[in-house]
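This report refers to the structure that appears directly beneath it.
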Amino acid sequence: MAAIGKNIGRAGRLLYGGKVVAIPTETVYGLAANALDEFAVAEIFRVKNRPLYNPLIVHLASGSELEKYVAEVPSVAEKLIQKFWPGPLTLLLPKKDSIPDIITASLPHVAVRVPDHPLTLDLLRSLDFPLAAPSANPYCYISPTRTAHVQQQIGDKIPYILDGGNCQQGLESTIVGFEQNTPTIYRLGAIAQEEIEEVVGKVKLHRHANARPVSPGMLPFHYSPSTPLYLVDKVEDFGPAPDPAETGMISFYKVVDGVPEQHQAILSPTANLSEAASNLYHALHRLDALNLKRIIAEKLPDVGLGKTINERLRKAAGKTAESQSLYGARAVLR
C-alpha cells in the first residue's frame with residue numbers, strides 16, 4: 001500500500017522520477033504527475049482507468065507561470081484570476097505547444113489552475129514543472145477528500161500520498177472557459193455560479209456532454225458509489241424507507257426517522273451549504289462502505305453551492321436512474 005506522509009522532498013523525488021503521487025488540494029485529493037512528461041501523465045490514466053479522451057487539469061505554482069503554457073489570457077479571465085487564484089477555479093485557455101496533447105486529449109485548450117493548499121503550493125514551488133492532477137480515485141467513482149479515501153481506492157497502485165489533512169472545500173474546482181470572450185461554466189464547482197457572476201456578469205452554462213468532453217467533469221455519470229444511489233426532493237416526502245436496515249440516507253440537515261443512526265449522513269446540522277459541500281464525498285464514502293442495498297439522498301436548495309451539490313448527486317445517481325427505479329417510480333430527479 002502507499003506510504004502516507006508530509007514529506008514534500010519525497011513527493012518531489014518521486015515526481016521527478018516519473019511516478020504518480022497523491023496530493024492534497026483545497027477541493028479534493030489529486031493524482032499528480034509531471035505535466036510535461038507524457039509517460040508520467042499516461043500513468044495517471046492507467047492508475048485511474050481513465051479514458052484518454054477525457055482531459056486533465058494542470059496545476060501551477062502561481063499565475064505568473066501561465067505564459068509558459070497558455071497562448072492567450074482574455075481580459076475577463078484576468079478578472080477571475082485576480083479574484084479567485086489561488087483557489088478552486090480552473091480556466092480553459094488556448095494552450096501552447098509546451099503542453100503535451102495527452103493532457104488535453106489533443107484539443108486546443110488546456111485547463112489550468114493554482115490550488116489553494118499550502119503543502120501542494122510548496123511542492124509546486126520546489127518543482128520545475130507543473131502537475132497534471134485529476135482526482136485521486138478510480139474513474140467515475142467518489143472523489144477523495146481524505147487520505148483514507150485515497151488509500152482505500154488506489155493505495156495499492158501508487159507509491160506515496162502527501163498528507164495535507166481533510167480537504168476543506170470538498171468539491172472539485174469550477175471550470176470556466178470563454179466562448180467568443182463570453183465566460184462559460186463547463187463544470188459547476190466549489191465557486192458558485194453566483195460568485196463568478198459577481199465578478200464578470202452573466203455567464204453561460206455549457207450543458208452538452210458527449211463521448212468526447214472538451215473539459216474535465218462533463219460526462220453524465222461520475223462521482224458514483226458502488227451502492228445504488230437515488231435522489232429525491234425531500235426525505236420526509238419520500239415515505240418510509242424500504243428495508244431500513246439496508247438503506248442509507250443523506251439529508252441536508254434533518255434526522256430521518258426509522259433509519260438507523262449509523263446509516264444516516266447529515267451534511268450540515270445548521271443548513272450551511274459550504275459545510276454540506278465539505279461533507280458530501282465523505283458521507284458517500286462512509287455509507288458506501290456499509291455495503292447497503294441503496295442510498296437515498298435529498299436534494300439541497302438549488303442555489304449557490306446547493307446547485308453544485310445537486311449536480312454531483314445527479315451524476316452519482318445517473319447509472320441507477322438508467323437501470324432501475326425505487327417503489328416502481330423514477331426516484332432520480334432530472
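If you go through the range 46-97 and keep only what is part of a helix (DSSP H, G or I), in contact with a Phe, Trp or Tyr (Cβ under 9 Å, 6 or more places away or on another chain) and buried (at least 19 other Cβ atoms within 10 Å of the Cβ), you end up with K48, A77. Among the residues of the range 3-35, those identified as touching a strand residue (DSSP E or B) at 6+ places or on another chain (Cβ under 9 Å) and assigned to a loop (DSSP other than H, G, I, E, B) are K6, N7, G18, K19, V20, P24, T25, T27, V28, Y29, A35.
On the given criteria, is R286 part of a loop (DSSP other than H, G, I, E, B) and charged (D, E, K, R)? So R286 does not fit the description; no. Of the listed requirements (1) within 22 Å of P225 (Cβ to Cβ); (2) within 18 Å of the chain's Cα centre (by Cα), D116 misses just one: (1). Within the range 13-45, the set of residues being closer than 17 Å to T147 by Cα and surrounded by 23 or more Cβ atoms within 10 Å (Cβ to Cβ) comprises V20, V21, A22, I23, P24, T25, T27, V28, Y29, G30, L31, A32.
The one condition from (1) among the polar types (S, T, N, Q); (2) at pLDDT 95 or above; (3) more than 17 Å from the chain's Cα centre (by Cα) that S173 does not meet is (3). Evaluate the following for S106: is it of a type in the set (S, T, N, Q) and closer than 19 Å to A40 by Cβ? Answer is yes for this residue.
Can you say whether P130 is under 24 Å from F84 (Cβ atoms) and buried (at least 21 other Cβ atoms within 10 Å of the Cβ), as far as the supplied structure shows? So P130 passes the test. In the range 52-67, the residues that are hydroxyl-bearing (S, T, Y) reach residues that are surrounded by fewer than 15 Cβ atoms within 10 Å (Cβ to Cβ) with C-beta atoms within less than 8 angstrom, at least six apart or across chains, in these pairs: Y53/A211; Y53/R212.
I'd like the residue in the range 228-244 that is at pLDDT below 90 and either surrounded by 18 or more Cβ atoms within 10 Å (Cβ to Cβ) or among the small types (G, A, S) (or both) and, out of all such residues, is farthest from A317 (Cα to Cα). Step by step, filter the range 228-244, then rank; the result is G239. Would you mind stating whether G304 is at pLDDT below 95 and more than 19 Å from Q152 (Cα to Cα)? The answer is no for G304.
The values are calculated or read from the model by the stated rules, or taken from the named source; none is laboratory data. This structure is a prediction, so every number in the text was calculated from the model and none was measured. No Cβ is skipped: glycine too gets one built from the backbone with ideal geometry, and neighbour counts run over all protein chains shown.
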